[in-house]
1. Using just the alpha carbons, could you tell me how many Å³ per residue the convex hull of the range 111-187 encloses?
2. Length gain on complete extension for the stretch residue 141 to residue 103, per 0.36 nm per residue less the alpha carbon to alpha carbon distance?
3. For labels at residue 192 and residue 153 in the simple 7 Å Cα→Cβ model, what's the distance in nm?
4. Quick check on packing: order 51-57, 165-171, 38-44 by the mean number of other C-beta atoms within 10 Å, highest mean leading.
5. Debye sum, Cα scatterers, the chain, no solvent: what log₁₀ I/I(0) at q = 0.14, 0.18 1/Å?
6. Where does the charge balance sit around residue 135 when Lys and Arg score +1, Asp and Glu -1, over other residues with C-beta under 13 Å from its C-beta?
7. Quantify, in whole percent, the carbon and sulfur part of the accessible surface of the range 31-169 (1.4 Å probe; protein heavy atoms only).
8. Express in % the proportion of alpha carbon pairs of the range 153-202 at distances exceeding 15 Å.
Amino acid sequence: MKIICIARNYAEHAKELNNEVPENPVFFLKPDTALLQKERDFYLPEFSQNIQYEAEIVLKISKAGKYIQPEFALNYFEQISLGIDLTARDLQSQLKEKGHPWEISKAFDNSAVVGEFLDKKDFDLENLEFRLDKNKIAVQQGNTKDMIHGFAKIISEASKYFTLKTGDLIYTGTPAGVGRVEENDLLEGWMHERKVFEVQVK
């Protein structure tokens, strides 16, 4: 199982980090060891002083595919959820300034939170509201209608470079409002007013 992530897929988020809005999806990967196991707490790592949350809709690939055409791409997943791409922002900034790859700021152990997977048929995929609460206060709110690249294009483009396999996860990008997590924070993910995960920060 691999985790494919999309960067800068909401224009306002790109702007808040002073990044250009991309013409095509920007991909990066996380290993399977990045997945935070269900019901586990997230422990702040010692190598970063600024871990930030990035909430995003997650697709679970349901069958293998390569060079998938956009018109067939939505047939390659049946379930969706909400997740968090946890990011060591201080490391990422340092590495970007030097022109170095920034995998260690994104792909470290337990950096991929994902909630309960639900049937995609229960949602309007092109107008799906989601939010992240920190300590019972909404800190991120998004809607898939604001994505620069929709699910079909993401799957099609990803499959050009990576053979998609059953169980692969695709994190589809985060809206504006990313911020820092602190010890004892409670993070709760909501998808169309249904809570799909709860994570305690230690």
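The values are calculated or read from the model by the stated rules, or taken from the named source; none is laboratory data. Predicted model, so just to flag it, every value in this text is computed and none were measured. Reconstructed Cβ throughout: ideal geometry from the backbone, glycine too, with neighbour counts over all protein chains shown. In case anyone asks, the SASA skips ligands and DNA or RNA and just uses the protein heavy atoms, side chains included. Shrake-Rupley method; radii C 1.70, N 1.55, O 1.52, S 1.80 Å.
1. 132
2. 11.1 nm
3. Distance between label points: 2.3 nm.
4. 51-57, 165-171, 38-44
5. Here the Debye-derived log intensity ratios amount to -0.76, -1.34.
6. Net charge in that neighbourhood comes out at -3.
7. Answer for the range 31-169: carbon and sulfur cover 47 percent of the accessible area.
8. Within the range 153-202, distances greater than 15 Å cover 67 percent of Cα pairs.
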